[in-house]
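Colleague: Questions regarding the structure given below will be posed in turn.
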Amino acid sequence: MGEVINMSLRKIRIDEDPVLRKKAKEIKHIDEDIKKLIDDMSDTMYEAPGVGLAAPQVGVSKRLVMVDVGDGQGLQVFINPKIIKKEGELEEGLEGCLSVPGIYGDVKRQLKITVKAINRKGKGITVEASAFRARAIQHEIDHLDGILFTDKAVNLHKKEDIEEELEEKHTDDRLVSLIQEIKEKRLKISQ
């Protein structure tokens, strides 16, 4: 018999939900409820599938985000994250969001950041991130301040409008392989 996996998925809140516009509260203690929230959020993110998720996106106004952009670093959890250093040029890149389904837009973000946070075990961490990982972390931290990517984006597009363009250019092979990797992780979780 296969191993029984107990997945707890949470409902992803969509654009007009007021929780997405609130400034999230700092987490004072990492108790069993916070650990359960982390587990539920990771299940929800991989099932969606997505590359990042913030607690407000599942209706919890707490300063907690996670990312897994498929670059081999795995899932990173950030409790009470703060960007303490920004480096490099601003780079414009295509973004979407689980809370704004079917819409994409170009957003300018820092190429390299340093984030200070607490991990799941309550240990202080400092993480340097660049490229797509830096973009994802900045996107998720924005959620903690009630900011959606659509507030910063230019050239908003419906998913259908850009799918053909992405297929023609094949510019986002990294995204295609990332989606494939997420689907594979979902398959492993469900087995």
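Just so you know, all these numbers are worked out from the coordinates, no wet-lab data involved. Being a predicted model, the structure only gives us computed values, none of them experimental. All Cβ positions, even for glycine, are placed from backbone atoms using ideal geometry, and neighbour counts span all protein chains on display.
Colleague: Please quote Rg/Rh for region 80-127 to two decimal places, taking the Kirkwood radius as Rh and restricting both calculations to Cα atoms.
Modeller: Taking Rh as the inverse mean 1/r over Cα pairs, Rg/Rh reads 1.10.
Colleague: Among 113-125, 17-29, what's the highest-first ranking by average C-beta atoms within 10 angstrom per residue? Before the final figure, lay out the partial values.
Modeller: Working: 113-125: 15.3, 17-29: 13.7.
Packing order, densest peptide first, comes out as 113-125, 17-29.
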